[in-house]
Amino acid sequence: MFYREAGQFKTSYKKDQAILPIFQDKIAMVAMLLFCFIVIPLFANDYWLASILVPFLALSLAALGLNVLTGYAGQISLGTAAFMAVGAFASFNLQVRVPEIPFLVAFLWGGLCAAGVGILFGLPSLRIKGFYLAVATLAAQFFIEWLFTHFDWFTNYSTSGVITAPPMTLLGLAIDNPLSKYFLVLSIVVICAFFVRNLARSEIGRAWMAVRDMDIAAEAIGINLMKTKLLAFGVSSFLCGLAGALWAYVVLGTVEPQAFDIARSFEILFMVVIGGLGSVSGAFLGAGFMILLPILLNNLGSLITGGTISTETIAHIEYMVFGAFIIFFLIVEPNGLARLWQLGKEKLRLWPFPY
Amino acid sequence: MDWWFFLEVFVGGLLSGVMYSLVALGFVLIFKASGVFNFAQGAMVLFAALTFVRLLEMGIPMLVAVGVTMAIMVILAIAIERIVLRPLVNQDLIILFMATIGLNYFIEGMAQLVWDSKVHVLDLGIDEYDAFEIGEAFINKFDVYAALIAGGLVLVLSLFFRYTVIGRALRAVADDHQAALSVGIPLRTIWIYVWSTAGIVAMVAGVVWGSKLGVQFAISSVALKAIPVLIIGGFTSVPGAILGGLIVGCGEKLAEVYLGGFVGGAIENWFPYMLALLVLMIRPEGIFGEKIIERV
């Protein structure tokens with residue numbers, strides 16, 4: 001009833017190609033941003049900020065990065081966590097070698113290094129595709145994890161291999177409490193989300209989608225495959241690297257290779273698939289789902305059993321429920337939460353009438 | 001260079017490669033027949049091994065335990081076909097792949113819930129440290145037996161594929177789903193057969209791995225090692241899986257011994273993947289894989 005574009009005429013190509021073509025979408029976006037920047041900080045407590053919202057935002061950014069690669073450009077990657085690790089370690093190393101560098105510059109450097117590594121491991125994508133490519137990215141995952149564990153130079157010869165992240169200050173303000181961390185991560189994520197959304201509707205984004213749908217056909221109509229695929233790897237890894245730096249600096253407070261193992265890669269792939277391939281909102285929905293589901297299961301488990309069953313058993317049941325949930329979800333809606341959201345919007349256009 | 005030592009490492013690598021082949025075999029069977037890259041194969045190996053070892057611990061004779069475990073794997077296969085695969089027919093490869101990762105979580109949880117998550121010793125009556133001596137090289141007897149078991153399994157499988165009606169139907173399905181359907185081969189039944197066979201192969205792999213390393217959670221991670229094996233051999237080829245396993249086994253052991261020292265060791269973890277990457281650069285469909293022909 002309220003959500004319909006009747007009367008909103010697009011009189012130029014520019015209007016037709018706008019990021020948010022419908023007026024109500026613009027209002028909704030502004031409302032959501034206001035909600036995130038003002039309402040949440042006012043009401044959320046430290047637990048919510050530090051252990052749910054900040055990790056959620058950091059992993060959403062990684063999911064956004066993977067979504068560029070897998071959702072838009074159609075290249076499967078199982079090495080997301082490795083690119084995150086590159087981002088984290090590169091920014092840490094820059095700060096260690098050049099202490100006066102501001103941390104935001106270090107984060108950017110981390111993203112750029114990750115992009116470089118991503119392009120390097122994306123080179124095989126020119127020749128191989130599908131699952132074969134997934135294995136190439138697995139090589140990245142294991143190799144990079146090994147590199148950071150075995151070469152002390154990367155960890156600055158720290159004896160334990162676990163390093164405390166350097167403190168962050170922005171314009172003289174120390175970013176050390178959950179609220180300031182939340183603002184930092186939120187700002188970066190919002191900028192990146194708009195960046196991706198914008199990129200996706202540009203010539204580059206359309207080229208990515210053409211390659212995803214059929215790369216030979218895309219090549220035949222004159223899209224440079226090498227440039228397109230490597231750019232997708234670069235942009236994706238840049239975002240993943242940034243997310244990795246955030247994950248290490250803001251969420252964990254330590255820089256360690258163990259935080260970026262293969263389980264993390266799978267987690268992010270799940271976020272992308274469950275959220276919806278090829279959509280920006282999907283990355284956020286998927287990340288929310290994957291963060292909240294284990295917490296929910298955990299609380300539910302201890303609530304139902306009341307602590308009568310050993311925690312080990314509960315952990316196993318959680319595993320089962322988690323697996324079953326994912327299968328169930330893929331069967332019910334293989335196109336992900338973003339698709340459900342879209343269907344909901346379609347319904348809303350007509351509501352309260354059937355058609 | 002000490003050639004006897006080289007030989008020892010080489011043969012040791014070959015024999016451990018046989019184990020990778022066993023796991024990879026399960027992948028290939030399922031991929032050929034249903035086009036699903038079954039990530040849950042590792043969990044199936046764990047589940048089968050745990051079932052077997054717990055049955056033995058209950059005092060059930062070995063042959064009966066084998067039979068019961070096989071029956072359970074068949075039931076599991078039927079359940080997977082019914083509950084997971086059937087509703088997902090015609091979905092994208094990546095969706096099916098994600099579903100098998102979900103399945104992987106489920107089976108891992110189930111295996112440890114129904115049985116338990118302790119390390120179990122599985123004793124098949126073979127001494128693990130006994131070795132043959134060839135010249136100056138020592139060859140582990142246990143590994144040789146494992147290789148013989150794997151070889152026997154491959155032989156039985158290839159005879160089964162070649163000479164039985166079901167085997168022929170399986171090959172037809174692997175060649176072309178639609179053509180197979182149109183000559184009256186029931187696809188769903190075939191899938192159950194394939195998943196059952198993969199389950200039984202998983203059992204053999206689990207028992208062999210389990211008696212070498214102890215039956216424990218870590219077994220399920222061999223699935224990750226099987227992936228480069230598949231790449232090198234090709235996703236669709238049974239002999240490819242065997243050869244790929246041997247190449248990976250040898251390659252990683254030799255690399256660890258002769259190159260590992262220079263770069264800080266533990267290169268076993270990523271070496272197979274890099275090897276696979278190299279193979280892919282030269283031959284994108286693997287050594288034995290079917291040539292990929294693409295049309296617009």
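The values are calculated or read from the model by the stated rules, or taken from the named source; none is laboratory data. Note that the structure is predicted; figures quoted are calculated from it, not measured. Counting neighbours? That spans all protein chains shown, and the Cβs are built from the backbone with ideal geometry, glycine included. With ligands, DNA and RNA removed, areas are computed over all heavy atoms of the protein, side chains included. Shrake-Rupley method; radii C 1.70, N 1.55, O 1.52, S 1.80 Å.
Put simply, of A:98, A:105, A:86 the only residue that is open to solvent by 20 Å² or more (accessible area, probe 1.4 Å), under 21 Å from residue A:251 (Cα atoms) and not polar (S, T, N, Q) is A:105.
Would you confirm whether or not the range B:248-264 contains a residue that is in a helix (DSSP H, G or I) and within 14 Å of the chain's Cα centre (by Cα)? Taking every residue of the range B:248-264 in turn, at least one turns out to be in a helix (DSSP H, G or I) and within 14 Å of the chain's Cα centre (by Cα). Screening residue A:46 with (1) away from chain B (no Cβ under 14 Å); (2) buried (at least 24 other Cβ atoms within 10 Å of the Cβ); (3) not hydrophobic (A, V, I, L, M, F, W, C) gives one miss only, at (2).
Within the range A:112-136, the only residue that satisfies the criterion of being out of contact with any Phe, Trp or Tyr (no Cβ under 9 Å at 6 or more places or on another chain), within 9 Å of chain B (Cβ to nearest Cβ) and in a helix (DSSP H, G or I) is A:133. Residues that are out of contact with any Gly (no Cβ under 9 Å at 6 or more places or on another chain), of a type in the set (Val, Ile, Thr), closer than 30 Å to residue A:104 by Cα and open to solvent by less than 80 Å² (accessible area, probe 1.4 Å) are absent from the range A:208-227 altogether. With a requirement of 1 or more residues that are among the hydroxyl-bearing types (Ser, Thr, Tyr) and in contact (Cβ under 8 Å) with a residue 40 or more places away in the chain, the helices (runs of 4 or more DSSP H) lying completely within the range A:1-111 that satisfy it span A:54-66, A:80-97.
Please work out if residue B:211 is assigned to a helix (DSSP H, G or I), under 30 Å from residue A:312 (Cα atoms) and over 13 Å from the mean Cα position of the chain (by Cα). Taking the combined requirement at face value, the residue satisfies it.
On the given criteria, is residue B:12 outside any helix (DSSP H, G or I) and open to solvent by 10 Å² or more (accessible area, probe 1.4 Å)? No: the conditions fail for residue B:12. Residues of the range B:39-72 that are open to solvent by less than 10 Å² (accessible area, probe 1.4 Å) and of a type in the set (A, V, I, L, M): B:40, B:43, B:44, B:45, B:46, B:48, B:49, B:50, B:53, B:65. From the list B:53, B:23, B:74, B:11, the lone residue that is in contact (Cβ under 8 Å) with a residue 24 or more places away in the chain and closer than 26 Å to residue A:134 by Cα is B:23. The set of residues in the range B:130-142 being within 17 Å of residue B:246 (Cβ to Cβ) and either at pLDDT 75 or above or open to solvent by 30 Å² or more (accessible area, probe 1.4 Å) (or both) consists of B:140 alone. For residue B:119, all conditions in the list (1) facing another protein chain (nearest Cβ under 10 Å); (2) modelled with pLDDT under 75 hold save one; what is the number of the exception? Here residue B:119 meets the rest and fails (1). Could you tell me whether residue A:250 is buried (at least 16 other Cβ atoms within 10 Å of the Cβ), touching a Lys or Arg at 6+ places or on another chain (Cβ under 7 Å), in a helix (DSSP H, G or I) and touching a residue at least 60 places away in the same chain (Cβ under 8 Å)? Here the answer is yes, as residue A:250 does meet what is asked. Do we have residue A:139 as out of contact with any helix residue (DSSP H, G or I) (no Cβ under 7 Å at 6 or more places or on another chain), in contact (Cβ under 8 Å) with a residue 12 or more places away in the chain and assigned to a helix (DSSP H, G or I) here? So residue A:139 does not fit the description; no.
Residues that are crowded, with 18+ Cβ neighbours inside 10 Å, within 14 Å of chain A (Cβ to nearest Cβ) and touching a Ser or Thr at 6+ places or on another chain (Cβ under 9 Å) within the range B:202-226 comprise just one, B:226. Residue count for the range A:49-75 satisfying the condition of being within 14 Å of another protein chain (Cβ to nearest Cβ) and β-branched (Val, Ile, Thr): 1.
How many residues are more than 7 Å from every other protein chain (Cβ to nearest Cβ) and more than 16 Å from residue B:30 (Cα to Cα) when one looks only at the range B:93-115? Residues that pass the stated criteria total 4. Looking for something surrounded by fewer than 16 Cβ atoms within 10 Å (Cβ to Cβ), within 14 Å of another protein chain (Cβ to nearest Cβ) and assigned to a helix (DSSP H, G or I) - is there at least one such residue anywhere in the range A:284-297? Checking the range A:284-297: at least one residue is surrounded by fewer than 16 Cβ atoms within 10 Å (Cβ to Cβ), within 14 Å of another protein chain (Cβ to nearest Cβ) and assigned to a helix (DSSP H, G or I). Among the residues in the range A:128-144, are any open to solvent by less than 70 Å² (accessible area, probe 1.4 Å), closer than 16 Å to residue A:91 by Cα and either over 19 Å from the mean Cα position of the chain (by Cα) or modelled with pLDDT of 80 or more (or both)? Yes.
Candidates are the residues of the range A:321-339 that are more than 7 Å from every other protein chain (Cβ to nearest Cβ) and touching a residue at least 40 places away in the same chain (Cβ under 8 Å); the one that is nearest to residue B:82 (Cα to Cα) is A:329. Per the conditions (1) within 29 Å of residue A:146 (Cα to Cα); (2) within 14 Å of chain B (Cβ to nearest Cβ); (3) open to solvent by less than 50 Å² (accessible area, probe 1.4 Å), the sole criterion not satisfied by residue A:263 is (3).
The numbered conditions (1) in contact with a helix residue (DSSP H, G or I) (Cβ under 8 Å, 6 or more places away or on another chain); (2) part of a helix (DSSP H, G or I); (3) open to solvent by 10 Å² or more (accessible area, probe 1.4 Å) are all true for residue B:75 except (1).
Condition test on residue A:243, is it more than 11 Å from chain B (Cβ to nearest Cβ), closer than 28 Å to residue A:327 by Cβ and surrounded by fewer than 21 Cβ atoms within 10 Å (Cβ to Cβ)? Against the criterion (more than 11 Å from chain B (Cβ to nearest Cβ), closer than 28 Å to residue A:327 by Cβ and surrounded by fewer than 21 Cβ atoms within 10 Å (Cβ to Cβ)), residue A:243 does not qualify.
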